[in-house]
Amino acid sequence: MLAGLARDGGLYLPAEWPLFSKAEIAALKGKPYREVAYRVMQPFVGNTFDEMTFRRLIAEAYASFDVADVAPLKPLDDNLHLLELFHGPTLAFKDVALQLLGLMLDRTLSQRHAHATIVGATSGDTGSAAIEAVRDRRTIDIFMLHPRGRVSEVQRRQMTTVLAPNVHNIAVQGTFDDCQDLAKACFNDLDFRDRHALTAVNSINFARVMAQIVYYFWAALKLGAPDKPVAFAVPSGNFGNVYAGYAAKQMGLPVSHFVIATNTNDILARFFETGTMTASEVVPTYSPSMDIQISSNFERLLFDLYGRDGRALADAMTAFRATGTLKVGANALGNVREVFDAGRLDDDGTLAAIASCRKRYGETLDPHTAVGYAVAQQHRRDPSVPMVVLATAHPAKFPDAVQKATGERPVLPPRLADLYQRTERVDGLPNDVAALKELIDDRMAALESRPRVRT
Ligand SMILES: *Cc1c(COP(=O)(O)O)cnc(C)c1O
């Protein structure tokens, strides 16, 4: 949790998945979200936090949500449901994991009288959710990189209007992948990493995957688990959300299959069609949080495809970075295709999906959710199995696309109503790692002299 990324550049995974028996899953039925959360995450947490502490952190994390049950499941029709994951402070599903991760980090660092520095890259939603999760904490400073001009105005303002002294927003001249490379380069410089106790809270931090596993259990329980299977459709970018679903399945949850939905940036969809992963240019779309070519969590699934052989996977990833291509064998591809379907939707399709869901069910979707909704319809394997579409953002977070589709501008919830009047603070930087390191060094040197205890 503290390290985020492993020192050798790899990703952390549990040595084995905790397995829930049918009876243990049945025992979660009807329990409140907080209780399901405690029981599903406890095996990963072990004795890092005692029971009372961990329950208190969960309660505090989800007290910031504006609905008591955290992730309401809304039926569209008998067998098609929306799982609303956008009721947290920044209106995207990232809050579900980050609100908890922020508290877990703060608690751990306080106990150790330590300070950590978060360096992260965001295509939009991670940034605000991470900032909101750690703002005003004395144990943490956060440097968040976003691609200048490539996040929506709501997304940008949700980051840059947080004026807490431990929050540092950086607009980079480049794409999201450039931002991610800059952040990675900071971590790969071990001197720099140790000097500032760098930590990552982007979706490669396993604690985020852990917290996301919960709502797959929560939704499936409401639809008949453990006796009946459920399918999930997940708007995907970095593959962190749908990977958490895969983890839930490994833990014993009966999931018939997952539908991976991408926008025009369809590297994942092409992989599942062909078994070959080939990076291409990032194209800006109406669903910017999915404007990603190289999905950082996909490596976790590839680990299974390479027979859980870390060495073989590391070699394959090195070759992928050098050549831009990675190919898996037919057997491995066949195995994952049993569990995953994948499809894409372009911008016109996205607007059409928002309009048609509104017309048909009276529900206004954000553009990311709309991609999931439309691709889900093309991949109903068995019509009697309920399909849950993960609603990953509130429509008011992407008002331009929604207005284009429906003719109406969605309104922000009351807690963000004055967002456009708030003052912004942001630094601009070229796509240059030396400039970034200098800025972090400077800020952290200033921090030493700030009249506050470094805890
Ligand atoms: C981050 C995000 C996604 C993509 O999730 P991944 O875990 O990166 O696959 C989809 N929709 C929204 C609204 C997001 O913020």
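The values are calculated or read from the model by the stated rules, or taken from the named source; none is laboratory data. Bear in mind the structure is a predicted one, so any value in this text is a computation, not a measurement. Cβ atoms come from the backbone with ideal geometry, glycine included; neighbour counts cover every protein chain shown. Calculation scope for accessible area: heavy atoms of the full protein, side chains included, ligands and nucleic acids excluded. Shrake-Rupley method; radii C 1.70, N 1.55, O 1.52, S 1.80 Å.
Of the residues VAL134, VAL172, VAL167, only one is closer than 23 Å to VAL67 by Cα and modelled with pLDDT of 95 or more; which?
Just one listed residue meets the conditions, VAL134.
Please name all residue pairs, on different chains or six or more residues apart, with Cβ atoms under 9 Å, provided the first residue is in the stretch 273-287 and is closer than 21 Å to HIS368 by Cα and without any contact (Cβ under 8 Å) to a residue 60 or more places away in the chain and the second residue is in a loop (DSSP other than H, G, I, E, B) and of a type in the set (Ser, Thr, Tyr).
Correct list of pairs: GLU281/THR175; VAL283/THR264.
Would you mind telling me which numbered condition in (1) within 13 Å of the ligand (Cβ to nearest atom); (2) outside any loop (DSSP other than H, G, I, E, B) ASP341 fails?
That leaves (1) as the condition not met.
Which residue is farthest from the ligand (Cβ to nearest atom), if the candidates are limited to the stretch 85-140 and must be under 29 Å from ALA370 (Cβ atoms) and β-branched (Val, Ile, Thr)?
Out of the qualifying residues, it is ILE131.
Of all the residues that make up the stretch 420-440, how many are in a helix (DSSP H, G or I) and modelled with pLDDT of 95 or more?
Step one: filter the stretch 420-440 for residues in a helix (DSSP H, G or I), giving 420-421, 433-440.
Narrowing the set further to residues that are modelled with pLDDT of 95 or more leaves 421, 433-440.
Counting residues in the stretch 420-440 that are in a helix (DSSP H, G or I) and modelled with pLDDT of 95 or more gives 9.
Just for the stretch 46-63: of the residues that are open to solvent by 10 Å² or more (accessible area, probe 1.4 Å) and touching a residue at least 40 places away in the same chain (Cβ under 8 Å), which one is nearest to the chain's Cα centre (by Cα)? Don't jump to the end; show me each part of the working.
We begin by selecting, within the stretch 46-63, every residue open to solvent by 10 Å² or more (accessible area, probe 1.4 Å); these are 46-53, 55-56, 59-60, 63.
Add one more test, that the residue is touching a residue at least 40 places away in the same chain (Cβ under 8 Å), and what stays is 48-49, 53, 60.
Working: THR48: 23, PHE49: 24, THR53: 25, GLU60: 20 Å.
The qualifying residue nearest to the chain's Cα centre (by Cα) is GLU60.
If a residue has to be more than 15 Å from GLY275 (Cα to Cα) and among the aromatic types (Phe, Trp, Tyr) to count, how many in the stretch 316-362 make the cut?
The number of residues fulfilling the criteria is 1.
Of the conditions (1) more than 27 Å from PRO430 (Cα to Cα); (2) at pLDDT 95 or above, GLN111 clears all except one; give me its number.
That leaves (2) as the condition not met.
Of the numbered conditions (1) farther than 16 Å from ASP266 by Cα; (2) within 22 Å of the chain's Cα centre (by Cα); (3) open to solvent by less than 30 Å² (accessible area, probe 1.4 Å), LEU333 fails exactly one; give the number of that condition.
Among (1) farther than 16 Å from ASP266 by Cα; (2) within 22 Å of the chain's Cα centre (by Cα); (3) open to solvent by less than 30 Å² (accessible area, probe 1.4 Å), the lone unmet condition for LEU333 is (2).
Among the numbered criteria (1) closer than 26 Å to GLN158 by Cβ; (2) surrounded by 23 or more Cβ atoms within 10 Å (Cβ to Cβ), which one does VAL40 miss?
For VAL40, the exception is condition (1).
Quick one: ARG358 ticks every box in (1) surrounded by fewer than 14 Cβ atoms within 10 Å (Cβ to Cβ); (2) of a type in the set (Lys, Arg); (3) touching a Ser or Thr at 6+ places or on another chain (Cβ under 7 Å) except a single one, so which number is it?
(1)
Among the numbered conditions (1) closer than 24 Å to PRO32 by Cα; (2) more than 16 Å from the ligand (Cβ to nearest atom); (3) part of a strand (DSSP E or B); (4) open to solvent by less than 30 Å² (accessible area, probe 1.4 Å), tell me where LYS74 comes up short.
(4)
Does the stretch 350-360 include one or more residues that are closer than 22 Å to PRO72 by Cα and outside any helix (DSSP H, G or I)?
no
Considering only the stretch 365-413, state which residues are within 11 Å of the ligand (Cβ to nearest atom) and assigned to a helix (DSSP H, G or I).
If we filter the stretch 365-413 for residues that are within 11 Å of the ligand (Cβ to nearest atom), which is where we start, we get 365-372, 390-395, 397-398.
Matches in the stretch 365-413: PRO367, HIS368, THR369, ALA370, VAL371, GLY372, PRO395, LYS397.
Would you call GLY30 part of a loop (DSSP other than H, G, I, E, B) and surrounded by fewer than 18 Cβ atoms within 10 Å (Cβ to Cβ)?
Numbers: part of a loop (DSSP other than H, G, I, E, B): yes; surrounded by fewer than 18 Cβ atoms within 10 Å (Cβ to Cβ): yes.
Judged against the criteria, GLY30 is a match.
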